[in-house]
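Accompanying notes for the structure given below.
The values are calculated or read from the model by the stated rules, or taken from the named source; none is laboratory data. The structure displayed is predicted, hence computed values, not measured ones. Counting neighbours? That spans all protein chains shown, and the Cβs are built from the backbone with ideal geometry, glycine included. Note: areas computed on protein heavy atoms with side chains; ligands, DNA, RNA excluded. Shrake-Rupley method; radii C 1.70, N 1.55, O 1.52, S 1.80 Å.
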Amino acid sequence: MDRDLNACGFSSETIAAEYETDQALNEADNDLDNPYFKAAWAAEREHRQADWDQTATEGAR
């Protein structure tokens, strides 16, 4: 599925995941071992990877 990427190569899903990660870290009092933060960070990385994969695929076309 193609993602709508902005000029910087990020999708709105990735940007939303980044905000979720920031909120999770705030709620976890900056505890990087907090499970909520870890889940949010994993989701953000998955979204970023999907954006990067699409950018690489588009560049190869």
**Request:** Test each condition in (1) in a helix (DSSP H, G or I); (2) touching a strand residue (DSSP E or B) at 6+ places or on another chain (Cβ under 7 Å); (3) modelled with pLDDT under 95; (4) not polar (S, T, N, Q) for D51 and report the one that comes out false.
**Result:** (3)
**Message:** Being open to solvent by 70 Å² or more (accessible area, probe 1.4 Å) and within 20 Å of A50 (Cβ to Cβ) is the filter here; which residues of region 22-36 pass it?
**Reply:** D22
**Message:** Under 8 Å between Cβ atoms, which residue pairs at least 6 apart in sequence (or on different chains) link something in region 1-21 that is under 9 Å from H47 (Cβ atoms) and open to solvent by less than 70 Å² (accessible area, probe 1.4 Å) with a partner that is aliphatic (A, V, I, L, M) and outside any helix (DSSP H, G or I)?
**Reply:** S11/L5
